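Quick note: the coordinates plus some simple rules give every number you see, no bench work behind them. Just so we're clear, the structure is a prediction, and the values are computed from it rather than from any experiment. Note that each Cβ is placed from the backbone with ideal geometry, even for glycine, and that neighbours are counted across all protein chains shown.
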Amino acid sequence: MNQDFEESVVDIDKVEQIKAKMPSDELIFEIAELYKVFGDSTRMKIISALLKDELCVGDIAYIASSTQSAISHQLRVLKQAKLVKFRKEGKTVYYSLDDEHISQLFNIAKNHIEEK
């Protein structure tokens, strides 16, 4: 352990045990990046709408009171983060949440805020 840190540690055994169980720096970085994606209100409107059902860009734009161009951009961000998936039906592309974890993350945050 670094000498500078050692002087301020109260319980070195406990600290070392916790440090050994910490996720890797890479995993911590990826978690932080995921939460950055959640840091945009338009993306949260999209996720909230997709909690109800799959939708096409035009429908999402109407619900979110936004342009199709802006929604398409945000959907690209959400796809890159593996938060939404899509399927084509003819010329129409329908978007949905990638898996149940996304609704859980959204609902946990919503419940946390509403209980305050």
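Decide, for the chain, between rounded, prolate and oblate: order the square roots of the alpha carbon gyration tensor eigenvalues as a ≥ b ≥ c, take rounded if a/c falls under 1.5, and otherwise choose prolate if a/b is larger than b/c, else oblate. It is prolate, given that a/c is not under 1.5 and a/b is the larger ratio. For the peptides 89-95, 21-27, 56-62, the ranking by packing is 56-62, 89-95, 21-27, with the highest mean count of neighbouring Cβ atoms within 10 Å listed first.
Distance between the 7 Å Cα→Cβ label points at Gln68 and Tyr35: 3.7 nm. Taking amide H as placed 1.01 Å from N in the peptide plane, Val84 has its amide H under 5 Å from the amide H of Lys79, Asp98, each at least 5 places away in sequence or on another chain.
Suppose only helical runs count, i.e. DSSP H with n ≥ 4. What mean residue ellipticity at 222 nm does that imply for the chain under -39500 (n - 2.57) per run, divided by all residues and rounded to the nearest 500 deg cm²/dmol? Walk me through the intermediate numbers first.
Numbers: 7 runs with 73 residues, N = 116.
Here the helix-only value at 222 nm equals -18500 deg cm²/dmol.
Here's the list of aspartates and glutamates a cross-link from Lys82 could span, going by alpha-carbon distance under 13 Å and ignoring same-chain residues fewer than 8 apart: Glu30, Glu33, Asp98, Asp99, Glu100.
3J(HN,Hα) along the stretch 15-25: 4, 5, 5, 5, 4, 5, 9, 5, x, 5, 4 Hz, from the Karplus curve 6.51 cos²θ - 1.76 cosθ + 1.60 with θ = phi - 60°, whole Hz, x for Gly and Pro. In this structure, the amide hydrogen of Cys56, modeled 1.01 Å from its nitrogen in the peptide plane, lies closer than 5 angstrom to those of Tyr95, counting only residues at least 5 positions away or on a different chain. Computed from backbone phi, the HN-Hα couplings of the stretch 86-94 come to 9, 9, 9, 10, x, 8, 8, 9, 9 Hz, rounded to whole numbers (Karplus: 6.51 cos²θ - 1.76 cosθ + 1.60, θ = phi - 60°; Gly and Pro given as x).
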